Amino acid sequence: MGGPFAISVEKVAPTLESARLRLRAYRADDVDAIFRLYSDPRVMRYWSFPPWTDRAQAEAYLQRALGEMAEGRALPWAIANLADDKLVGTTTLFALDGVQGRAEIGYSLDPKLQGQGMASEMLRTALSYGFDILRLRRIEADVDPRNTPSCRLLERLGFRLEGLLRARWRVAGEICDTALYGLLAPEFVREPRPRDVAVAAP
């Protein structure tokens, strides 16, 4: 790990699978699911933009994501259940820098599936691809420090809090800070710990 890499111009993101989830390329029929996800105030509470209010925003997002992938600047994945292949979340490796071996990661998940270990499952899959296939040296995450579950999730994966960027974002009139997390390839916690997977209540 740690050597330089080059991302070729791709038309389709690679399909990756974990125990319960499939990371696959976006499809045109994902637009409504993407809109539901990013218009949900629970999902968007700590994002750098407010909840969407128009389906056209999902269409624009999809086109932008595919364009950034074609330019080698991002790898966007739809997160889908293995059973029905329907989109339930997203994760993206973006700001890809082949010279520096660096990228950032973003993610979202349907609130109904949170607390079941699926977020750590999807992130481990994407991070493994970033470190093992793209040979990234470092992956960063920008998180609102008030988003305690997301901060704890990153820490379980091996991310370290490296700084606080004050008043970095203005979202719907609210000034928000950034907790900057960084993960180096040797620090990545690849295997889930018992608390990473919740046991469903009877």
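Here, each number is a calculation from the coordinates, and none is a lab measurement. Keep in mind that what you see is a predicted model, and the values were worked out from it rather than measured. All Cβ positions, even for glycine, are placed from backbone atoms using ideal geometry, and neighbour counts span all protein chains on display.
Dimensions of the chain along principal axes (Cα, Å, largest first)?
42, 42, 36
Cβ under 10 Å from R45's Cβ, R45 left aside: what net charge do those residues give with Lys, Arg +1 and Asp, Glu -1?
Here the count lands on 0.
Assuming R0 = 41 Å, can you tell me the calculated FRET efficiency for the pair I133 and T53, based on Cβ-Cβ distance, to the nearest 0.05?
E(calc), rounded to 0.05, equals 0.65.
Along its three principal axes, how long is segment 56-135 when you only count alpha carbons? Whole Å, largest extent first please.
39, 32, 18
Binned at 10 Å from 0, what are the whole-percent values of the Cα-Cα distance distribution for segment 89-202, short to long?
Here the calculated profile for segment 89-202 is 13, 43, 34, 9, 1, 0.
When ranked by the protection proxy of mean other Cβ atoms within 10 Å per residue, highest first, what sequence do the peptides 145-156, 111-122 form?
Those peptides, ordered most packed to least, come out 111-122, 145-156.
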